[in-house]
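The values are calculated or read from the model by the stated rules, or taken from the named source; none is laboratory data. Because the structure is a prediction, the values reported are computed rather than measured. Quick reminder, even Gly has a Cβ in these numbers, built from the backbone with ideal geometry, and neighbours come from all protein chains shown. For accessibility, only protein heavy atoms count, side chains too; no ligands or nucleic acids. Shrake-Rupley method; radii C 1.70, N 1.55, O 1.52, S 1.80 Å.
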Amino acid sequence: MLARIKSWARRLKRDGLALWFALRDPATPWPLKVLCWLVVAYALSPIDLIPDFIPVLGFVDDALLLPGLVWLALRLLPEAVLARSRERAEQWMASGAGKPRSRAGAWLVVGLWVLCAALAALWWQARR
């Protein structure tokens with residue numbers, strides 16, 4: 001069972017990295033580039049949408065949201081782009097290069113938190 005989970009996690013890491021390469025591939029249609037950018041930005045963000053210290057909910061994004069978004073993006077990519085991107089991801093992982101980071105993803109998550117706070121403040125003001 002543990003071996004299956006490790007294998008799944010490795011494939012998820014590879015596929016997230018493959019989306020990073022697919023984002024830079026000129027054969028990827030622009031609507032898919034937008035989806036890939038959102039998924040990659042969030043996956044590589046050092047900040048989670050739901051902080052992990054919140055019991056149960058903190059792991060929902062890591063266990064359900066992110067794998068679901070990666071799956072969706074992979075299903076929509078053209079086969080040739082996906083094959084090239086997975087090959088490049090395998091090479092990257094085999095080389096021992098570090099995990100790429102996304103400042104854009106961090107800003108995306110911070111922006112979502114700010115938007116939620118602003119909407120909550122507006123809602124609170126409207127109730128008075």
For Ala118, state whether it is at pLDDT 90 or above and in a helix (DSSP H, G or I).
yes
Output for Cβ contacts, cut-off 8 Å, separation at least six or different chains, first residue open to solvent by less than 60 Å² (accessible area, probe 1.4 Å) in the range 107-128, second assigned to a helix (DSSP H, G or I) and not small (Gly, Ala, Ser), reads Leu108/Leu38; Leu108/Tyr42; Val109/Tyr42
Would the range 50-65 turn up any residue that is at pLDDT 85 or above and either within 19 Å of Ala106 (Cβ to Cβ) or not hydrophobic (A, V, I, L, M, F, W, C) (or both)?
no
